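Chemist: Encoded as structure tokens, here's the structure I'll be asking about.
Bear in mind that the values in this text are calculations on the coordinates, not laboratory data. Worth saying up front: this structure is predicted, and the values here are computed from it rather than measured. When we count neighbours, we look across all protein chains shown, and the Cβ atoms used for this are built from the backbone with ideal geometry, even at glycine.
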Amino acid sequence: EPEVTQTPSHQVTQMGQEVILRCVPISNHLYFYWYRQILGQKVEFLVSFYNNEISEKSEIFDDQFSVERPDGSNFTLKIRSTKLEDSAMYFCASSVTAGVSTATNEKLFFGSGTQLSVL
Amino acid sequence: AQSVTQLGSHVSVSEGALVLLRCNYSSSVPPYLFWYVQYPNQGLQLLLKYTSAATLVKGINGFEAEFKKSETSFHLTKPSAHMSDAAEYFCAVTVTDKLIFGTGTRLQVFP
């Protein structure tokens, strides 16, 4: 079965440093997402991306965050200057379609996550 | 705004016992509701979804959930727990094309 791949599985960084989290979505998917889960809290939507631009972002996704699809296969999340509160599990997801549709979310595939620890 | 609340961050059951994981939702419009499971070191996997067709929804691995509008609930059940069911379970509701998740419930199964 196709899968979304995330690297690294664990990332440790110093506060103020830049980090890039990498994701390889399923090859024929067109819509890409980042979610995160702070320990003990809800999985939260960060951003959705389609046709090389952000289609929606949450209030968490401030100027410190950016996403990119640099080469047609990778989908990255960059945090410019990490803060302690950025420590979380970050999930990448991809889908073929989007919109308010049950089928949409059925076809939403998640990666296994990157655990980011900011010290 | 839509949201889901999962009652109980940890649930422990014996193998063969009933599994009941609770989820209550809040929505101003008819919701689409989901249960996802995350096994250790794996991504989120869809267990089942409520699409407003049937109120009792059957999913993979013997799980099912019942949509109860009067109770605003979508609890997940399985008649007989198996050791392999040990995982984190997330309830979610849709808003546009993004999911709103609950905080998750970690299920432990003891022999």
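Chemist: Counting pairs of alpha carbon atoms under 8 Å apart in space and at least six apart in sequence, what relative contact order in percent does chain B give? Mind dumping the intermediate values first?
Modeler: On the way: 278 pairs, mean separation 42.3, N = 111.
Over chain B, the number comes to 38 percent.
Chemist: Just tell me how shielded A:35-45 is by partners: mean number of partner chain Cβ atoms within 10 Å of each residue's Cβ, no decimals. Intermediate results must be reported in sequence, preceding the final value.
Modeler: Working: counts 4, 0, 7, 0, 0, 3, 3, 11, 12, 4, 7.
Mean number of neighbouring Cβ atoms from other chains: 5.
Chemist: Sticking with this structure for a sec: When chain B is treated as a GNM, springs tying every alpha-carbon pair under 10 Å, which of B:Leu76, B:Leu48, B:Leu99 comes out with the largest mean-square fluctuation?
Modeler: It is B:Leu99.
Chemist: Short version: ³J(HN,Hα) in whole Hz for each residue of the range A:17-24, in order, from phi by Karplus 6.51 cos²θ - 1.76 cosθ + 1.60 (θ = phi - 60°), x for Gly and Pro, what are they?
Modeler: 7, 8, 10, 10, 9, 10, 9, 10
Chemist: Given H placed on each backbone N at 1.01 Å, which residues far from B:Gln2 in sequence or on other chains put an amide H within less than 5 Å of it?
Modeler: Residues meeting the criterion, in which the H sits 1.01 Å from N, do not exist here.
Chemist: In whole Hz, with x marking every Gly and Pro, tabulate ³J(HN,Hα) for the range B:14-24 from phi via Karplus 6.51 cos²θ - 1.76 cosθ + 1.60, θ = phi - 60°.
Modeler: 7, 4, x, 7, 5, 9, 9, 10, 9, 9, 10
Chemist: Separate question: How much mean residue ellipticity at 222 nm does the protein assembly as shown get from its helices, if each DSSP H run of length 4 or more adds -39500 (n - 2.57) and you divide by all residues, to the nearest 500 deg cm²/dmol?
Modeler: On the way: 1 runs with 5 residues, N = 230.
Calculated from helices alone, the mean residue ellipticity at 222 nm is -500 deg cm²/dmol.
Chemist: For the range B:29-101, what does the alpha-carbon gyration tensor say about shape, rounded, prolate or oblate, given a ≥ b ≥ c as the root eigenvalues, a/c under 1.5 as rounded, and a/b over b/c as prolate? Before the final figure, lay out each step's value.
Modeler: Working: a/c = 2.34, a/b = 1.32, b/c = 1.77.
Oblate, because a/c is 1.5 or more while a/b does not exceed b/c.
Chemist: Let me ask you something else. On full extension of the chain, what length is gained from A:Met15 through A:Thr97, given 0.36 nm per residue of separation minus the C-alpha to C-alpha distance? Provide the component values of the computation, followed by the final result.
Modeler: Values: separation 82, 0.36 × 82 = 29.52 nm, distance 3.66 nm.
Roughly 25.9 nm would be gained on extension.
Chemist: Mind listing which GluC sites (Glu not before Pro) in the range A:1-104 are in a DSSP loop and have 10 or fewer other Cβ atoms within 10 Å? Display every interim value, and only then the final one.
Modeler: On the way: sites: A:Glu3, A:Glu18, A:Glu44, A:Glu53, A:Glu56, A:Glu59, A:Glu68, A:Glu85; in loops: A:Glu3, A:Glu18, A:Glu59.
In loop regions of the range A:1-104 (DSSP not H, G, I, E or B), the sparsely surrounded GluC sites (Glu not before Pro) are A:Glu59.
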